[in-house]
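Structure first, then comments.
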Amino acid sequence: MNAALSSDDVVIVGAGIVGICIAAHLVEAGHAVTVIDRTGISEETSSGNAAAFAFSDVLPLAQKGMMRNLPRWLADPLGPLSVPPTYLPHLAPWLWRFWRAGAAKNREASLVAQAAMMRLAEAEWAGLMDRSGTATMLREDGSLELYESEAEFAASLPGWVARDRFGIVYRHVEGAELAGLQPGLAPRFVKGTFVPGWKTVADPKLLGKAVWAYAEKKGARFERGEVVRAEAGASGATLHLADGSSRKAAKLVIAAGAWSHLLAGQLGEAIPLETERGYNTTLPADAFDVKRQLTFSGHGFVITPLSTGLRIGGAVELAGLKRPPNYARSRAMLEKAKRFLPGLKAEGGREWMGFRPSLPDSLPVIGAARAPGVFYAFGHGHLGLTQAAATGRLIRDLIACQAPAIDIRPFRAQRF
Ligand SMILES: Cc1cc2nc3c(=O)[nH]c(=O)nc-3n(C[C@H](O)[C@H](O)[C@H](O)COP(=O)(O)OP(=O)(O)OC[C@H]3O[C@@H](n4cnc5c(N)ncnc54)[C@H](O)[C@@H]3O)c2cc1C
């Protein structure tokens, strides 16, 4: 098929949760929308994540204890953070920018931008879930962050205080209250922080497919294909697909997750997108009665109860897009989970790896490209599920030439 699209059409590359939410917003606004993806709807990174609507997660990664824990983490080959030595030369410029993002002035700017994005994220997901009939997939159980020592708890406090000014509600807990929030925890956890406003979804893949079903009912189209080349000019964009065909688009949105910079590069913009690869194992749902999402920050992973199983994982592997997965990482986190939740039934799990698309300042790229008629929507790192509906709203505003719902200057691609 070599469909030539009319000049009113919007083509979105990428059917992850970000592309899906953009499609939903655009068809609602009356656009004719086609989404192109080489695999399917919500089949890649958006399918297997930890399912959190992490609206209170406003701190840039460079501030979230990553620097403090770096030496200990890097010393452990299967620990929360790993960088294969052969990838380091490629990664060095990104790491340098990441380091600079941790400077006080830059951190503050990131924090303010992220907090505004999170307020929009919460409102936009509430609206989109209502309209798409997916609100039943929302779980409002809060989250419980766990600490193994007074020292670890004390080190977390500045991060909690930084959230105070954004009205994020949390409660430090211990003793019976801690045990009540998650019965059966190993006694090594001496304190916790309960965040009541933290939400999760029943299953991120199913949510993506359900929001797509809504967008499709309103007229959005899906086409399977791999875009190998993007070009843009005054009369619109042209996409060349791996099967030799091409597509024209009056407006093009690049929402291709961790691969987006490859297309942006073809359009003449160098964007420092890296991937933070993450791993997990999804066990059968009866593996343990986990009451809410549990976070083990010191070990870089979380446990999420889903409607489809119990998901255990996280970690960051800065190893690029091509290296094969190392599922020993999933197993290392599972082994720890067995110690943290004695009695966990660890058999019958499904291992998975996903590619977080990450910019060094922990903010996404959302905005107009230099090329006319092209828009970027990628790089949400650890927060793509959380911020997908807000991103859809912002892209809709931009395509309609309306003032965006929040100040998007901190997210522009040209900030680097
Ligand atoms: C272990 C782990 C846990 C996580 N937990 C959470 C969480 O709890 N909460 C949260 O908010 N976020 C979480 N994230 C992050 C979140 O999963 C991502 O930010 C999000 O899925 C990114 O969505 P996306 O639509 O941008 O990318 P993707 O889901 O990767 O979708 C991009 C799509 O683009 C397609 N594509 C790419 N290039 C091309 C091309 N050239 N032609 C055609 N198609 C193309 C791909 O096939 C893919 O389907 C987690 C990530 C990981 C790895």
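Which shape class applies to the stretch 58-152: rounded if a/c is under 1.5, otherwise prolate when a/b exceeds b/c and oblate if not, where a ≥ b ≥ c are the square roots of the Cα gyration tensor eigenvalues? Because a/c hits 1.5 or more and a/b exceeds b/c, the stretch 58-152 counts as prolate.
When the chain is described by a simple charge dipole with +1 on each Lys and Arg Cβ and -1 on each Asp and Glu Cβ, the residue from 344, 36, 206 located farthest towards its positive end is 36. Using DSSP to define loop residues, name the chymotrypsin sites (Phe, Trp or Tyr not before Pro) in the stretch 206-241 whose beta-carbon has at most 15 other beta-carbon atoms within 10 Å. For chymotrypsin sites (Phe, Trp or Tyr not before Pro) across the stretch 206-241 that sit outside H, G, I, E and B with at most 15 neighbouring Cβ atoms in 10 Å, the list is empty.
Here the stretch 217-282 is treated as an ellipsoid with the same Cα gyration tensor; its semi-axes, largest first and in whole Å, are 24, 18, 12. Of all DSSP beta bridges confined to the chain, the antiparallel ones make up roughly 70%. Ordering of 145-152, 387-394 by packing is 387-394, 145-152, highest average first (other Cβ atoms within 10 Å, averaged per residue). Against the empirical 2.2 N^0.38 Å (N residues), the stretch 253-363 has a Cα radius of gyration ratio of 1.24.
Looking at the square roots a ≥ b ≥ c of the eigenvalues of the Cα gyration tensor of the stretch 374-416, which shape do they give, rounded for a/c under 1.5, prolate if a/b is larger than b/c, or oblate? Taking the square roots of the gyration eigenvalues as a ≥ b ≥ c, the stretch 374-416 is oblate.
Listing 53, 378, 296 from fewest to most neighbouring C-beta atoms within 10 Å gives 296, 53, 378.
Loop-only trypsin sites (Lys or Arg not before Pro) in the stretch 178-257, please: DSSP not H, G, I, E or B, and at most 14 other Cβ atoms within 10 Å. Answer by residue number: 188. Treating each Cα of the stretch 292-416 as one equal point scatterer and applying the Debye formula with no solvent, the log10 of I(q)/I(0) at q = 0.15, 0.16, 0.17, 0.18 Å⁻¹ comes out as -0.83, -0.89, -0.94, -1.00.
Here the residues 47, 330, 358, ranked from fewest to most Cβ neighbours within 10 Å of their Cβ, fall in the order 47, 330, 358. Dividing the convex hull volume of the alpha carbon atoms of the stretch 76-129 by its residue count gives 141 Å³ per residue.
Taking 28 Å as the limit for the C-alpha separation, the pairs 251/322; 105/209; 205/322; 199/336 exceed it in the case of 251/322; 105/209. Each of 118, 333 was scored by other Cβ atoms within 10 Å of its Cβ. Listed from fewest to most, they are 118, 333.
Would you kindly calculate the translational diffusion coefficient of the stretch 169-310, applying Stokes-Einstein with the Kirkwood radius from alpha carbon pairs, for 10 °C and a viscosity of 1.306 mPa s, and quote it in µm² s⁻¹ without decimals? Reported coefficient: 81 µm²/s.
When 1/r is averaged over all different Cα pairs and the result inverted, which Kirkwood radius in Å belongs to the chain? Over the chain, the inverse of the mean reciprocal pair distance is 21.7 Å.
Whole-percent P(r), the stretch 118-231, all Cα pairs, 5 Å bins from 0: 2, 9, 14, 15, 13, 12, 12, 8, 7, 5, 3, 0, 0. Rounded to the nearest 0.05, the FRET efficiency derived from the C-beta distance between residue 164 and residue 242 at R0 = 45 Å is 0.35.
Here, each number is a calculation from the coordinates, and none is a lab measurement. Source: prediction; values computed, not measured. Cβ sites come from the backbone with ideal geometry, for glycine too, and all protein chains shown count toward neighbours.
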